[in-house]
Amino acid sequence: MSNVTIRPLRFTADVEGMRAFLETLGLRSRIESEHGGWVDMLTGRGMVALHDAASSSTGGQPGQTNLSFEADKIDELRDRLEQVGFVDATVFDEAYGRVLSVTGPDGVVIWVDERAEDLYGYKVHDARPDERWSVTPYLSGAEEPAWRRFFEGVGLDTPVRFGPSDSGFAVRLDLSTTEDLDEVEGRLDDYEVKRSATGLDIVDPDGQLVVVHG
């Protein structure tokens, strides 16, 4: 197995604001670029990466969330993806390390970063994730059976939520926790929060909806 971790990637105009928001919820910063513009954050299950939208080489827009992953051995992962029908899986080198690119269901291009040992240019934090929290992204407008086949192919057993969309495929940054939601809400005085049937509906610093499920 390739020890694959789901890691939604949020492009943002306010990396530090989003970082503070997610830390308030319960995520922990693990790695950040010494020059700013990149932070990845841990939960007990799953990660979230923050990328400065202005420096995006792929045209990422503030508030946009992409589905991405991190894995130990992306060559093995490429082979598994090819076996289940994702035949364009390709491994290549970027300045920051090795990357796998593959076209997933709904024509969505997905990147998987290989965990790097050489972290020159990055600050590494002694991150101890709160095991009560998980990253459980919400995929709207997704072809659910095809995505479940994809997740099975990468060996991922993470609860991903699915729902309808009027505007095509999109990823929403949802989280789940076993922490008491009253305690969570009590930390969010600086944010717009509403209780809903699913948990807490929060407007993040990018103006996007984040749902915390209890």
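The values are calculated or read from the model by the stated rules, or taken from the named source; none is laboratory data. Just so we're clear, the structure is a prediction, and the values are computed from it rather than from any experiment. Here the Cβ is made from the backbone with ideal geometry for all residues, glycine too, and neighbour counts use every protein chain on show. Areas reflect the complete protein model, heavy atoms only, side chains present, ligands, DNA and RNA absent. Shrake-Rupley method; radii C 1.70, N 1.55, O 1.52, S 1.80 Å.
The table below lists the values:
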| quantity | calculated |
| --- | --- |
| Answer residue from segment 24-47, given it is closer than 24 Å to Tyr120 by Cα and of a type in the set (D, E, K, R) and is least open to solvent (accessible area, probe 1.4 Å) among those | Asp40 |
| Only one of Leu188, Leu156 that is over 17 Å from the mean Cα position of the chain (by Cα) and part of a loop (DSSP other than H, G, I, E, B) | Leu188 |
| Hits in segment 142-157 (condition: open to solvent by 30 Å² or more (accessible area, probe 1.4 Å) and touching a strand residue (DSSP E or B) at 6+ places or on another chain (Cβ under 8 Å)) | Glu144 |
| Given (1) at pLDDT 95 or above; (2) under 18 Å from the mean Cα position of the chain (by Cα); (3) surrounded by fewer than 19 Cβ atoms within 10 Å (Cβ to Cβ); (4) more than 30 Å from Thr178 (Cα to Cα), number of the condition Pro105 does not satisfy | (3) |
| Residue satisfying condition, being at positive phi and without any contact (Cβ under 8 Å) to a residue 60 or more places away in the chain, within set Gly46, Gly26, Gly36 | Gly36 |
| Selected residue (only one of Asp72, Asp106 is of a type in the set (D, E, K, R), over 25 Å from Glu144 (Cα atoms) and touching a residue at least 60 places away in the same chain (Cβ under 8 Å)) | Asp72 |
